[in-house]
Structure formats: structure tokens, C-alpha cells
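Step one of this worksheet: look at the structure below.
The values are calculated or read from the model by the stated rules, or taken from the named source; none is laboratory data. On a predicted model such as this, the values are computed, not experimentally measured, just so you know. Every residue, glycine among them, receives a Cβ derived from its backbone with ideal geometry; neighbour counts consider all protein chains shown. For accessibility, only protein heavy atoms count, side chains too; no ligands or nucleic acids. Shrake-Rupley method; radii C 1.70, N 1.55, O 1.52, S 1.80 Å.
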Amino acid sequence: MSLRMALLTLIAGAPRSGYDIGQEFDGVLTFVWHAKPAQVYPELKRLAAEGLIREQAEGSRGRRPYEITEEGTRALREWLVTTSADHAQRNETVLRSFALWVVSPREAADFLREELEYHRARLRGLRALRNGLDLRLAQDRAALLGVEAGVRRLEAMVSWAEWAIETVSHWPAPVAEGRS
């Protein structure tokens, strides 16, 4: 998925400033897509230059929200119905788990406990968000699909981390060189 489609998706739901979008990426969208402000702002300018979004009048705290244009909505619809989803994923937690054989079982368990707490906290946040959705609204009904995917993914990560902590507690100390 391109950043531009992520931005159009967010802005289609409601006008948002670059700051608002950053909050979304750091919040509910963390498990779906991540972008840094250094990526977001230039892409917003490109989308505006292409006529897919436009700036609204300056709002509170000097923020300038963007709204989607008809052309932007058409581009978003076209992306939804004419392209296949990119299923490539990156998960640094799982990548790191492949390397845990080089540390002590205690260090591995410490890493996994930290991950467990992170995923539990994110899960609490997404469950609260899910509970606050107003399913009378079309946008919230659609958001439920994504939020529920996040809840289920985080539940799986919590379960995996609990299992992994138990598993590494039975590992022998690592061999100094090579694989054990």
C-alpha cells in the first residue's frame, strides 16, 4: 500500500491536518501502516498539487486540515476496486525472535516480557477504541473491520509472547560460538 492511499483513506473519513494524521499513524493505525512526519508532509503537498486533496481554512492552533476532493475520492475508489492488496509485512519483534538464540534464556525472556506488555497495552487501547465506535455511522462501521483486525492480531501476539516466555525458560545457556 502506498502512503498516498493511506493518506487519502484518512482524509476521506474527515478533514485532517498533518498533525492529526501523525496522531492516527501513532495510534490506531500503528499495526496497519506507519509513516513519519518527514514522509507525511511532502506527500500531502504532492496530493494537493495533483488535486486529490485541498487545504481548508486555518483551524485551531494554526492547523490547516486537508479535505479530499472528488478526484481524490475517485482515485481512492479506483485503488480499492482495481488493485490487489500487498500482503508483505514487517514485524521486528518476530525478526528479533529468530536471533534470540544468541542471548541467555533470561535475556530472551526479558525481551519477550517487554513485548508482552507492549502488546497488552496496545490491545487495551484498541479494545477501548472499538467500544467507542458509533456503528450507526458508515465510517465507524468500516473502521470496525480494521480495528477488529488489530484486536485479533494483538490477541495473537499476546498469546505468542506468553507461549514464547514459557518456551525460552527451558532453553539451555547459549553456546559461545555457532548455533546451539
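Structural remarks
- Cα shape, region 12-80, gyration tensor, a/c 1.5 rule: oblate
- For Tyr66, the residues 5 or more places off, or on other chains, whose built amide H falls under 5 Å of its own are Arg16, Ser17, Gln56.
- Approximate spin-label separation Ser159-Thr82, in nm, with each point projected 7 Å along Cα-to-Cβ: 4.0
- Mean accessible surface per residue for region 85-165, computed with a 1.4 Å probe while every protein chain stays in place, in Å²: 68
- Taking 7 Å steps out from each Cα toward its Cβ at Ala49 and Glu71 produces label points 1.3 nm apart.
- Sites Ser104 and Asp26, calculated FRET efficiency, Cβ-Cβ separation with R0 22 Å, nearest 0.05: 0.10
- Within the accessible area of the chain (1.4 Å probe), percent carbon and sulfur: 55
- Based on DSSP H segments of at least four residues, each scored -39500 (n - 2.57), the chain has a per-residue ellipticity at 222 nm of -20000 deg cm²/dmol.
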